[in-house]
Amino acid sequence: RTKFYTGIHSAIDEILHSEVCVFGDPLSVYVKDIAKNLLKDDSETYKELRFYTLKSNETNAFSTDQGIIFVTTGLISQVSSEAQLAYVLAHEIAHYKRKHVLERFKQKTVLKNANYYELSTYSKERELEADSDAIELYKNAGYDEALIEPTFDVLMYSYLPFDEVRVPESFFNSKTFYVP
């Protein structure tokens, strides 16, 4: 526990004091408002949580054992509705409530140089637990269940630069630059 909390606090401090972490901005407030709706029946958990936006192209969100949930601008830019973002937040809230971060650390203590992102990856069993809990939070908040599945598509395929929109090569071509 001592090793976990010492390492995690320094990793979180590094993130919080970096140029990429923002709070109090319109996006972070929006994320916090969605979480408030998700936790409308659980004000104690809501009071324990803090929400920050990370300026990153990665499509990601993660929670900490200390009650911090980070959401990247890359994720926000990829989702097509508030409901999709709400599902991701519900999933991260579920990880926090089930103390999956601490459990994962205990499993990974044999790794010498595990960084915080590695410690935030969970087994399929833990992901399914978080999904199950997230679905309940999500439904209780009044979001449309039909939008859960497309959320997984966003998470799975967000690394692709172009999905279904064909961009003509001529768009990039000029007198000084040519894309074959």
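The values are calculated or read from the model by the stated rules, or taken from the named source; none is laboratory data. As the structure is a prediction and not an experimental result, all values here were calculated from the model. In this analysis, Cβ positions are derived from the backbone assuming ideal geometry, glycine residues included, and neighbour counts consider all displayed protein chains. Accessible surface is based on the protein model in full, side chains and every heavy atom, while ligands, DNA and RNA are left aside. Shrake-Rupley method; radii C 1.70, N 1.55, O 1.52, S 1.80 Å.
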**Report entry** Accessible-area value, ASP13, 1.4 Å probe, nucleic acids and ligands omitted, Å²
**Finding:** 80
Requested in this report: May I ask you to rank TYR138, TYR46, TYR30, TYR157 by accessible area, largest first, using a 1.4 Å probe over the protein chains only?
Outcome: TYR157, TYR30, TYR46, TYR138
Query raised in the report: Which percent of the accessible heavy-atom area of region 15-65 goes to carbon and sulfur, probe 1.4 angstrom?
Result: 51
Query raised in the report: Counting only protein chains, not ligands or nucleic acids, how are PHE152, PHE23, PHE70 ordered by accessible area (probe 1.4 Å), most first?
Result: PHE23, PHE152, PHE70
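Over region 16-89, with the other protein chains present, what is the accessible area per residue in square angstrom, probe 1.4 angstrom?
Using a 1.4 Å probe on heavy atoms only, each residue of region 16-89 averages 47 Å².
Give, as a single signed number, the net charge of other residues whose beta carbon lies under 13 Å from the beta carbon of THR72, with Lys and Arg counted +1 and Asp and Glu -1.
-1
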Query raised in the report: To the nearest 10 Å², what's GLU44's accessible area with a 1.4 Å probe?
Result: 110
